[in-house]
Ligand SMILES: *Cc1c(COP(=O)(O)O)cnc(C)c1O
């Protein structure tokens, strides 16, 4: 071989003979074939991989992992939580169809339904899911999908999944749940009868705030369709992002257990604090805990600018679910673009703070939080 040939061909190492402990990163855009017969074998289902957009071992590992955790027969990874939600929805509806969604959805999902899918002829009614009559009244001949979240943001309303499943059965509708906040450690909506379960793996599944990723799991036929959408719309997850997400997911149970406990301890503490007007933290999510997000509303007398400046090591981060405790300001970020009326209805105001509990020592979290609360009342 001449140098110019050698320099491109001498790096290739087979992985069959190298038995690493962890999954290698298949950072490749395509796969090679040694004959036309072997290539033909791909189309006959004899070999799984051709081109990374259509399939790659790393995103497949993540899809399979989350499916196994959810107790679902199939799962597929997508480039973000939102793209997972998109392909999940598109596995059920097409132009002319109607969706009924909970009105307190994650902002990104709300905008996707309202601004984007509406433009493709898919309409959505946003309804108060605690009002079963209202949901039932919203059903039309073209309704195909009931969509909600296991736990909503930022007020931690726990969806009544059995009621949702029952209503869908009565009316022949498909159900889909965003299980990001609960994770399969706390709830497995598929095992409770939900057809499609989506995740922003950016949050607890990845768990280390270093990736953007999504997963759809659920009924085999629907996940097959979602996978086709990912391939056709180009919403695949990159091998490296998938690898990082799988690495993070190994500690999901340990993290969720600790983070949910930290949340519970903080919620108890803040509930008896005279300067905390409301504490939003559920008690009915699962027997293993109630999630790791605590949302509070401080008394109107609190100076919010001082509060946010007095949080020390607790940073203001417009996301959640990392191993560090962080806070976010829903009015200024996640719920900023909602109409004022909707903000009011949900209860988002200037004094609402969402706390994402990390894995730190609960005493340190408590003292840092209490110190910020007392400082914002001093002035
Ligand atoms: C973050 C989030 C999403 C969107 O996920 P991305 O990975 O940012 O696309 C969807 N649903 C919920 C509940 C989220 O918290």
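The values are calculated or read from the model by the stated rules, or taken from the named source; none is laboratory data. Quantities reported herein were computed from a predicted structural model and do not represent experimental measurements. All Cβ positions, glycine included, derive from the backbone under ideal geometry; neighbour counts span all protein chains shown.
Just a few scattered comments:
- Counting only residues that are assigned to a loop (DSSP other than H, G, I, E, B) and either crowded, with 18+ Cβ neighbours inside 10 Å or touching a residue at least 12 places away in the same chain (Cβ under 8 Å) (or both), region 358-379 holds 4 of them.
- Unique residue being at positive phi and within 31 Å of the chain's Cα centre (by Cα) when the list is 71, 88, 64: 71
- Flag if residue 206 is closer than 13 Å to residue 66 by Cβ, part of a loop (DSSP other than H, G, I, E, B) and within 16 Å of the ligand (Cβ to nearest atom): yes
- Answer residue from region 262-282, given it is in a loop (DSSP other than H, G, I, E, B) and touching a helix residue (DSSP H, G or I) at 6+ places or on another chain (Cβ under 9 Å) and is surrounded by the most Cβ atoms within 10 Å (Cβ to Cβ) among those: 281
- The one condition from (1) more than 26 Å from residue 214 (Cα to Cα); (2) under 28 Å from the mean Cα position of the chain (by Cα) that residue 51 does not meet is (1).
- Looking only at residues of region 82-108 that are crowded, with 18+ Cβ neighbours inside 10 Å and modelled with pLDDT under 95, we find that the one that is farthest from the ligand (Cβ to nearest atom) is 103.
For every residue, the table says whether it meets (1) without any contact (Cβ under 8 Å) to a residue 60 or more places away in the chain; (2) closer than 30 Å to residue 113 by Cα; (3) surrounded by 15 or more Cβ atoms within 10 Å (Cβ to Cβ).
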| residue | (1), (2), (3) |
| --- | --- |
| 307 | no, no, yes |
| 312 | no, no, no |
| 338 | no, yes, yes |
| 356 | no, yes, yes |
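- Screening 205, 196 for residues that are within 23 Å of residue 95 (Cα to Cα) and buried (at least 17 other Cβ atoms within 10 Å of the Cβ) leaves exactly one candidate, 196.
- In region 245-271, the residues that are closer than 16 Å to residue 296 by Cα form Cβ pairs under 7 Å with partners that are part of a helix (DSSP H, G or I), at six or more places apart or across chains, as follows: 262/362; 262/365; 265/362; 266/365; 266/366; 266/369; 269/366.
- When region 143-167 is limited to residues that are within 13 Å of the ligand (Cβ to nearest atom) and part of a strand (DSSP E or B), the one that is farthest from residue 284 (Cα to Cα) turns out to be 147.
- Residue in region 302-315 that is out of contact with any helix residue (DSSP H, G or I) (no Cβ under 6 Å at 6 or more places or on another chain), part of a loop (DSSP other than H, G, I, E, B) and farther than 30 Å from residue 253 by Cα present: no
- Residue within region 340-353 that is modelled with pLDDT of 95 or more and either under 28 Å from residue 185 (Cβ atoms) or within 16 Å of the ligand (Cβ to nearest atom) (or both) present: yes
- Of the residues screened, residue 148 is one that is at pLDDT 95 or above and in contact with a strand residue (DSSP E or B) (Cβ under 6 Å, 6 or more places away or on another chain).
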